[in-house]
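Participant: Sharing a structure below in structure tokens format, with a few things to ask.
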Amino acid sequence: MQFLQRFYKTTTACLCFHYKSTSLVIFPKPHYHTTPTSILTCEKYRASMGDYTEDHQSPLVQCSHSSDEESQELTHRTGTIWTAIAHIITGVMGAGVLSLAWSLAQLGWLFGPPAIIIFAAVTGVSNSILSDCYRSPHPEYGAHRHVSFLQAVRFFLGEKKQRICAVLLNESLFGNDIAYTIATATSIRAILKSNCYHKQGHDADCRYEDNIYMLLFGLVQIVMSQIPNFHDMAWLSVVAAIMSFAYSTIGVGLGFAKVIENGEIMGSIGGIPATSAIDKVWLVFQGLGDIAFAYPYSIILLEIQDTLKSPPSETKTMKKASISAIMITTFFYMCCGSFGYAAFGNNTPGNILSGFGFYEPYWLVDLANACVVLHLVGGYQIFSQPIFALVEKWFSNNYPDSEFVNGFYRLKLPLSEATFHVNLLRLCFRTLYVVTTTGIAMLFPYFNQVLGVLGALNFWSLTIYFPVEMYFVQRRIVPWTTKWVALRTFSLVCFLVSVLAFIGSLQGLISARFR
């Protein structure tokens, strides 16, 4: 997940990287407005900043929004289609896969599998047009690169749209941390219940509260959040990726084994029946929201594309990698969701590993849930570190003389030679962030409903709207042409689906909270 290291580093006008140390230099925003035909090069930026850049910019510092010649001095891009596929799968495969069996149970055999395929196709189309926005002015041979989602939005759509996009991206990251807190507590409770059922029988009253485990997870994250930045947590990303594949594979295997044990395929054409037609509609919309949560990776696509070598062009390689990765992911999702629904039918749990459709082998269930916990401990940091970096850099830029913001104090651990550098802003803000996500998770500890809300809220805006609008500018699509109408229709349909999924998931969340 190291391609996420540059996540959110384009929220100011020009960000520069030191050639050897990859340290980040942030300059104040110049007064300009980018358009598709005007690019702020490093030379223009230096001229606009005058003596400031002459005094503060070393010869080894270059702007990240750069031409091919400049970027070759900065980065050795050695990625291939295989590394891109690996990055995509690592970025996409997460806790959302555990809810797919429940989603299929709401939609039934008639609509469930086609819904997964449709979301896969929509994601493929969206990411194909987004990959064209990596270079400009030509999508394959343009001299200028846009190495992050926010940077591309700023260049093609302007600063106002970038600010809106930044809010949505931060909301997405914040929401994922809430979902991860809920999922972790659920998996810890599942481990305890699994051992309880194994010792006392499947009818035993094995009840455990979620809140205590959310608090424990929060305490762990308060400590983990003091990791300075992504450069110091590459090992955590590797562990998280391995754990993700491990528990997903176990989930598929357990579902397949259960189907063989039953000797029949459970489930129905229309899915789980509801007490009324309106309740069934809400559940269907909520299922769509859960599927939407499992797929998109548009916010990291350009970061992945920036790791690729050329020739062939990064755009061609990225499109092939996206198609391949989506096909692999879809196959995996179909297996996990379909085997889960086929194994339990109307009794399909919301979380395939912690809902106790599986009791034995209890040690394998324990192992899978332990993998979930380890993955989410690291995954929480993957989503929170960009927010930490954004807020702390803003305070550092605006309060450069503040000891609270910029001062560091050495802390020596007792009975150890190790010392840590403690920053008061980092300690206070990151602790407050973890406390906030933990508190919200304790108020709304409903896994499927929270995933549905997050998936519906972010699917259209980040996966469809911004890529389509940037593509219009990049390709200079003339209004009311065939392609313009087709893409507008595509965006509108996705918008309507997202609205319905959001309403259904929000209704489910409110109903669960006040039930």
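The values are calculated or read from the model by the stated rules, or taken from the named source; none is laboratory data. Remember, it's a predicted structure, so these values are computed and weren't measured experimentally. Reconstructed Cβ throughout: ideal geometry from the backbone, glycine too, with neighbour counts over all protein chains shown. Accessible surface areas use protein heavy atoms only, side chains included; no ligands, DNA or RNA. Shrake-Rupley method; radii C 1.70, N 1.55, O 1.52, S 1.80 Å.
Participant: Being modelled with pLDDT under 80 and within 26 Å of the chain's Cα centre (by Cα) is the filter here; which residues of the stretch 352-380 pass it?
Facilitator: Going residue by residue through the stretch 352-380, those that are modelled with pLDDT under 80 are 353-360, 378-379.
Of everything in the stretch 352-380, those that are modelled with pLDDT under 80 and within 26 Å of the chain's Cα centre (by Cα) turn out to be LEU353, SER354, GLY355, GLY378, GLY379.
Participant: Please work out if GLY112 is at pLDDT 90 or above, touching a Phe, Trp or Tyr at 6+ places or on another chain (Cβ under 8 Å) and assigned to a helix (DSSP H, G or I).
Facilitator: Numbers: at pLDDT 90 or above: yes; touching a Phe, Trp or Tyr at 6+ places or on another chain (Cβ under 8 Å): yes; assigned to a helix (DSSP H, G or I): yes.
Against the criterion (at pLDDT 90 or above, touching a Phe, Trp or Tyr at 6+ places or on another chain (Cβ under 8 Å) and assigned to a helix (DSSP H, G or I)), GLY112 qualifies.
Participant: Moving on. Which is open to solvent by less than 10 Å² (accessible area, probe 1.4 Å) and at pLDDT 85 or above, of GLY289, GLY270?
Facilitator: Values: GLY270 fails: open to solvent by less than 10 Å² (accessible area, probe 1.4 Å).
Of the residues listed, the single one that is open to solvent by less than 10 Å² (accessible area, probe 1.4 Å) and at pLDDT 85 or above is GLY289.
Participant: Under 8 Å between Cβ atoms, at least 6 apart or on separate chains: pull out the pairs that start in the stretch 284-304 with a residue that is in contact (Cβ under 8 Å) with a residue 12 or more places away in the chain and end on any residue that is surrounded by fewer than 24 Cβ atoms within 10 Å (Cβ to Cβ) and of a type in the set (Lys, Arg).
Facilitator: GLU303/ARG6
Participant: Now for a different question. Of the residues that make up the stretch 247-259, is at least one of a type in the set (S, T, N, Q), closer than 30 Å to THR78 by Cα and buried (at least 22 other Cβ atoms within 10 Å of the Cβ)?
Facilitator: yes
Participant: Looking at SER324 and the list (1) part of a helix (DSSP H, G or I); (2) touching a Leu at 6+ places or on another chain (Cβ under 7 Å); (3) closer than 30 Å to GLN151 by Cα; (4) open to solvent by less than 50 Å² (accessible area, probe 1.4 Å), which single condition is not satisfied?
Facilitator: All conditions are met except number (2).
Participant: Any residue in the stretch 437-458 that is farther than 19 Å from PHE119 by Cβ and touching a residue at least 12 places away in the same chain (Cβ under 8 Å) sitting within a Cβ distance under 9 Å of a residue that is assigned to a helix (DSSP H, G or I) and among the acidic types (Asp, Glu)? List the pairs, counting only those 6 or more apart or interchain.
Facilitator: If the second residue must be assigned to a helix (DSSP H, G or I) and among the acidic types (Asp, Glu), the pairs left are THR437/ASP177; ALA441/ASP177.
Participant: If I ask for residues that are among the aromatic types (Phe, Trp, Tyr) and open to solvent by 70 Å² or more (accessible area, probe 1.4 Å), which ones from the stretch 471-515 would you list? If you could, list the steps in order and put the result at the bottom.
Facilitator: First pass over the stretch 471-515, keeping only residues among the aromatic types (Phe, Trp, Tyr): 471-472, 480, 484, 490, 495, 502, 514.
Selection gives TRP480, PHE495, PHE514.
Participant: I need every pair where a residue in the stretch 253-265 that is closer than 17 Å to PHE332 by Cα and among the small types (Gly, Ala, Ser) has its Cβ under 8 Å from the Cβ of a residue that is at pLDDT 85 or above and open to solvent by 50 Å² or more (accessible area, probe 1.4 Å), sequence separation at least 6 or different chains.
Facilitator: Hits for this filter: GLY255/PHE339.
Participant: Sticking with this one: Which numbered condition in (1) open to solvent by 80 Å² or more (accessible area, probe 1.4 Å); (2) closer than 27 Å to ILE291 by Cβ; (3) part of a loop (DSSP other than H, G, I, E, B) is the only one that PRO445 fails?
Facilitator: Answer for PRO445: the failing condition is (1).
Participant: Any residue that is surrounded by 19 or more Cβ atoms within 10 Å (Cβ to Cβ) and over 19 Å from ILE304 (Cα atoms) - is there at least one of those in the stretch 121-140?
Facilitator: Checking the stretch 121-140: at least one residue is surrounded by 19 or more Cβ atoms within 10 Å (Cβ to Cβ) and over 19 Å from ILE304 (Cα atoms).
Participant: Something else now. Looking at SER276, SER338, SER310 in this structure, which one is out of contact with any Asp or Glu (no Cβ under 8 Å at 6 or more places or on another chain), polar (S, T, N, Q), closer than 30 Å to CYS165 by Cα and open to solvent by 20 Å² or more (accessible area, probe 1.4 Å)?
Facilitator: Numbers: SER276 fails: closer than 30 Å to CYS165 by Cα; SER338 fails: closer than 30 Å to CYS165 by Cα.
Within the list SER276, SER338, SER310, the selection yields SER310.
Participant: While we're on this one: Would you mind finding the one in LEU100, LEU169 that is over 18 Å from ILE299 (Cα atoms) and assigned to a helix (DSSP H, G or I)?
Facilitator: Numbers: LEU169 fails: over 18 Å from ILE299 (Cα atoms).
After ruling out the rest, the residue left standing is LEU100.
Participant: Separate question: Only residues in the stretch 365-392 that are open to solvent by 30 Å² or more (accessible area, probe 1.4 Å) count as the first member; pair them with residues that are not in a helix (DSSP H, G or I), Cβ under 6 angstrom, at least 6 apart or cross-chain, and list the lot.
Facilitator: So the pair list comes out as LEU390/TYR8.
Participant: Check the stretch 123-138 and report whether any residue there is closer than 30 Å to MET266 by Cβ and assigned to a helix (DSSP H, G or I). Reasoning before the result, please.
Facilitator: Of the stretch 123-138, the ones closer than 30 Å to MET266 by Cβ are 123.
Narrowing further to those that are assigned to a helix (DSSP H, G or I): 123.
Yes, that holds for at least one residue.
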